[in-house]
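Okay, structure first, notes after.
The values are calculated or read from the model by the stated rules, or taken from the named source; none is laboratory data. Nothing here was measured: the structure is a model prediction, and the numbers come from that model. When we count neighbours, we look across all protein chains shown, and the Cβ atoms used for this are built from the backbone with ideal geometry, even at glycine. Please note that ligands, DNA and RNA were not included when accessible areas were found on the heavy atoms of the full protein model with its side chains. Shrake-Rupley method; radii C 1.70, N 1.55, O 1.52, S 1.80 Å.
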Amino acid sequence: LLEEQKETLKTTLIPYLKSLQKEETFEATIYEGVRGIKAIYERMLNETKRNETIYVLGAPLKAQTILEPFYVNWNARRIQKEVALKIIYQEVAKAYGEKRKKLKNTSVRYLKQKGLAPTWIDIFSSGIVIFDLSKETPRGVLIKSTDISQSYQIYFDVLWKQAKE
């Protein structure tokens, strides 16, 4: 009887427990204010491994003007960690794009699009962040999901091919 129970555990319970381990966890968190935006960037950098890439889609001019001193410091630490950055800027933010282009391990392209919202998306290996500067208080929604991250990387690649250097 004990041997039968042992065999049943091996064939049913253990595979079931292993399947649970493979399920991805999903997390969504809202951050508010400039401090919240900075906290998201810190979290992204901490969770991104060496030789991985962070993708930025639609970086607006408003974000650059509000966060420029922080971005300078953050990019220095990103480069030191050997994390790549690919940015698709709105064309109106070209001056900032030209600065970023000079940074090591950074690629920049531009989209010619009028009327873009003051929002953008950052994509990293374990999730995405949707940023919104349309209101007085900036906010970001962090969605932790590798499946969603991989999907958005595909969208990014499509737009990257359309964007101009």
Just checking, does segment 48-69 include any residue being at pLDDT below 75, touching a helix residue (DSSP H, G or I) at 6+ places or on another chain (Cβ under 6 Å) and either in a helix (DSSP H, G or I) or under 17 Å from Ser107 (Cα atoms) (or both)? yes
Screening Ala95, Ala59 for residues that are closer than 24 Å to Ala163 by Cβ and open to solvent by 70 Å² or more (accessible area, probe 1.4 Å) leaves only Ala95
Taking segment 116-127 and the residues there that are under 11 Å from the mean Cα position of the chain (by Cα) and surrounded by fewer than 22 Cβ atoms within 10 Å (Cβ to Cβ), the one that is nearest to Ile54 (Cα to Cα) would be Ser125
The lone condition Ser149 fails out of (1) polar (S, T, N, Q); (2) on the phi > 0 side of the Ramachandran plot; (3) open to solvent by less than 50 Å² (accessible area, probe 1.4 Å) is (2)
Within segment 128-146, the count of residues that are open to solvent by 30 Å² or more (accessible area, probe 1.4 Å) and either in contact with a His (Cβ under 6 Å, 6 or more places away or on another chain) or not hydrophobic (A, V, I, L, M, F, W, C) (or both) comes to 8
Of Ile87, Ile30, the only residue that is open to solvent by 90 Å² or more (accessible area, probe 1.4 Å) and touching a residue at least 12 places away in the same chain (Cβ under 8 Å) is Ile30
